[in-house]
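Following: one structure in structure tokens, then a few remarks.
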Amino acid sequence: MSSNFFQPIDASAVPRFAGLSTFMRLPAVASAEGLDIALVGIPWDGGTTNRAGARHGPREIRNQSSLMRRAHHVSGTEPFSIANVADVGDLSVNPINLVDGLKRIEDGIAAIVAVGAIPLAAGGDHLTTLPVLRAVARKAPVGMIHFDAHSDTNDRYFGDNPYTHGTPFRRAIEEGLLDPRRIVQIGIRGSIYEPGEHDWAIAQGIRIIYMEEFVRRGAASVMEEARGIVGDTPIYVTFDIDCIDPSMAPGTGTPELGGFTTREAQEMVRLLDGLTIVGADVVEVAPPFDLGGMTALAGATMMFELLCVMAKSVQAGRAPD
Ligand code: MN
Ligand code: MN
């Protein structure tokens, strides 16, 4: 069976610095037909309120993902042997029209989901996760494990505008895409606009694990709780690169001091193993603020970590329905 699956280009035949840039050096394919997991770029940052640039994320994450090899060094997982994975390219986006941009992203992900593939997306800013959820959670609300410095449950911006990269999860809850009692947000920190900014989220039932609690408890304890909250129900995993400390991931629009090390982030993603993952993304990598590609490398590495647990989920027949 695995012999029919797509494989990365053999680095002993074509060195890893050569060739066209695709996610994990996998083939670029025109549709998700026949795939278990579709790696997809969403080059759109129309929801960004301050420092834009995440539209350039997919291209740089592809570039840095050439550093990924075939197997996971801890779990021994060989994702390309147990799941059929390829790069389906970038979704169509509209850089100057927010509502049309969201619609295009939803349609693009819906086409992936319609053929039974699971999307693993590279953003783009965090508003891109809203149309992804509109496509992934059409039938029933999903749970979510959310790594971020920010809760992204704000309400309105500049008057009555409902859509920014600070509002996607309030909208997703209002639209019935997410079950708030099965949402865990991990790594939340940084100055806020006013005390009580997270009151709405907490009142919905979201479990917010602030950075300070993570520091006290550690990854194993926090993830044990998170796993207990979502159980074996379908979940989406969203990884905002700004959850990582800006000393290790400076290339992002809204950096916050006091974040995860890349090692802590890897440890947490590995502890998603065994959950029912129906989609995932890595967002907010903004190459214009990056240094030597280090943030794009962090993004590519987190995509590989996510891919390994998602491939095992596919192999176990856990997702999607
Ligand atoms: Mn975010
Ligand atoms: Mn953030």
Exclusive hit being open to solvent by 30 Å² or more (accessible area, probe 1.4 Å) and within 19 Å of Asp125 (Cα to Cα), set Gly46, Gly41, Gly19, Gly34: Gly46
Extreme residue, farthest from ligand 1 (Cβ to nearest atom), among residues of segment 257-289 that are open to solvent by 30 Å² or more (accessible area, probe 1.4 Å) and among the acidic types (Asp, Glu): Asp273
Number of the condition not met by Pro141 [criteria: (1) within 16 Å of ligand 2 (Cβ to nearest atom); (2) open to solvent by 30 Å² or more (accessible area, probe 1.4 Å)]: (1)
Residue satisfying condition, being in contact (Cβ under 8 Å) with a residue 40 or more places away in the chain, of a type in the set (S, T, N, Q), under 22 Å from Arg51 (Cα atoms) and assigned to a loop (DSSP other than H, G, I, E, B), within set Thr254, Thr295: Thr254
Pair list, Cβ < 6 Å and 6+ apart or interchain, from segment 129-157 residues that are among the charged types (D, E, K, R) to residues that are assigned to a strand (DSSP E or B) and open to solvent by 10 Å² or more (accessible area, probe 1.4 Å): none
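Taking helices (runs of 4 or more DSSP H) that fall entirely within segment 144-241, which contain at least 3 residues that are surrounded by 14 or more Cβ atoms within 10 Å (Cβ to Cβ) and among the β-branched types (Val, Ile, Thr)?
Values: elements: 168-174, 199-204, 211-217, 219-230.
By residue number, 219-230.
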Tally of residues being open to solvent by 20 Å² or more (accessible area, probe 1.4 Å) and in a strand (DSSP E or B) across segment 50-88: 1
Cβ-Cβ under 6 Å pairs, at least 6 apart or on other chains, segment 95-113 side assigned to a helix (DSSP H, G or I), far side among the basic types (Lys, Arg): Glu106/Arg134
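The values are calculated or read from the model by the stated rules, or taken from the named source; none is laboratory data. Treat the numbers as computed from the prediction; the structure is a model and nothing was measured. A quick note on method: Cβ atoms are made from the backbone with ideal geometry, for glycine too, and the neighbour counts reach across all protein chains shown. Note: areas computed on protein heavy atoms with side chains; ligands, DNA, RNA excluded. Shrake-Rupley method; radii C 1.70, N 1.55, O 1.52, S 1.80 Å.
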